[in-house]
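Undergrad: This structure is in structure tokens; I'll ask about it shortly.
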Amino acid sequence: MPIVLNKNTTFPDPSLADAEGLVAIGSDLGTERLLAAYRKGIFPWTINPITWWSPDPRAIFELDGFHVSQSLARVIRKGGFEVTMDQSFRAVMEGCAPPAPGRSGAWITEEFIEAYTRLHRQGHAHSVECRLRGELVSGIYGVAIGGLFAGESMFHRVNDASKVALHHLVGHLRRRGFALFDIQMVTPATKPLGAIEIPRHEYLQRLSAAVAMKCSF
């Protein structure tokens, strides 16, 4: 049964989550609370009440296992998209907020946007932007701690734009020496690109090693 958090309560062992992965309820979306959650393999999902989750199994991209199809390779070679990082963090979150295929409702509320924008300003959260002729057409955002990048959400307004953004992100994480790219759950968009599921206990072991690394996004 999930515990109820207050400002002085620490997160329980995520292996004690219920069958759906719910670990705890309550507290706040402050920077220290969020960072403590990610270090333990836990993430928030709703705002009223705030709920904290650690599903089993857990989805990841192996950084050497990202699948680039022939069609995606052609799009990348063509070079029509401009890819940047950390230039439009809030705009990326706002692009991710509306309901879309593969996302369960509009869970990214204004409270989430404000909380993760604070994380971004403090250097803990990052975005990848993909533009076409100067217009933002795709983006991804997530949280970086040590050698962990916890991908939170992505959106696209043009075909292949999110795939291009993901390709650039995976390459960037590899170059920077990251060890774990968490994506929480496999979706129809990420499965063809190589997303896999691993047991939570394996994820938590890999997470412990990753957050202890000295990596810089």
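Undergrad: Pick from region 68-86 the residues that are more than 16 Å from residue 132 (Cβ to Cβ), hydrophobic (A, V, I, L, M, F, W, C) and outside any strand (DSSP E or B): which of them is most open to solvent (accessible area, probe 1.4 Å)?
TA: Going through the qualifying residues, I end up with 68.
Undergrad: Within region 70-91, track down each residue that is out of contact with any strand residue (DSSP E or B) (no Cβ under 9 Å at 6 or more places or on another chain) and within 20 Å of residue 173 (Cβ to Cβ). Break it down into steps so the answer makes sense when it comes.
TA: First, pick out the residues of region 70-91 that are out of contact with any strand residue (DSSP E or B) (no Cβ under 9 Å at 6 or more places or on another chain): 70-79.
Within region 70-91, 72, 73, 76 qualify.
Undergrad: From 117, 84, 109, 31, which residue is polar (S, T, N, Q) and either more than 20 Å from the chain's Cα centre (by Cα) or over 20 Å from residue 140 (Cβ atoms) (or both)?
TA: Working: 117 fails: either more than 20 Å from the chain's Cα centre (by Cα) or over 20 Å from residue 140 (Cβ atoms) (or both); 84 fails: either more than 20 Å from the chain's Cα centre (by Cα) or over 20 Å from residue 140 (Cβ atoms) (or both); 109 fails: either more than 20 Å from the chain's Cα centre (by Cα) or over 20 Å from residue 140 (Cβ atoms) (or both).
Unique residue meeting the criteria: 31.
Undergrad: In region 133-171, which residue that is touching a Lys or Arg at 6+ places or on another chain (Cβ under 9 Å) and open to solvent by 30 Å² or more (accessible area, probe 1.4 Å) is nearest to residue 97 (Cα to Cα)?
TA: Within region 133-171, the match that is nearest to residue 97 (Cα to Cα) is 156.
Undergrad: OK, next. Spot the failing condition for residue 204; the list is (1) open to solvent by less than 20 Å² (accessible area, probe 1.4 Å); (2) among the hydrophobic types (A, V, I, L, M, F, W, C); (3) assigned to a helix (DSSP H, G or I), and only one is missed.
TA: Answer for residue 204: the failing condition is (1).
Undergrad: Moving to a separate point now. Restricting attention to region 172-186, which residues are within 23 Å of residue 40 (Cα to Cα), in contact (Cβ under 8 Å) with a residue 40 or more places away in the chain, out of contact with any helix residue (DSSP H, G or I) (no Cβ under 9 Å at 6 or more places or on another chain) and open to solvent by 20 Å² or more (accessible area, probe 1.4 Å)? Step through it out loud before you land on a result.
TA: Residues of region 172-186 that are within 23 Å of residue 40 (Cα to Cα), as a first pass: 173-174, 176-186.
In the following step, the residues that additionally are in contact (Cβ under 8 Å) with a residue 40 or more places away in the chain were identified as 173-174, 176, 178-186.
Filter again for out of contact with any helix residue (DSSP H, G or I) (no Cβ under 9 Å at 6 or more places or on another chain), leaving 173-174, 176, 183-186.
174, 176, 183, 185, 186, listed by residue number.
The values are calculated or read from the model by the stated rules, or taken from the named source; none is laboratory data. All figures in this text were calculated on a predicted structure; none of them were measured in a lab. Don't worry about glycine lacking a Cβ; one is built from the backbone with ideal geometry, like all the others, and counts go over all protein chains shown. Heavy atoms of the whole protein, side chains included, go into the accessibility calculation; ligands, DNA and RNA do not. Shrake-Rupley method; radii C 1.70, N 1.55, O 1.52, S 1.80 Å.
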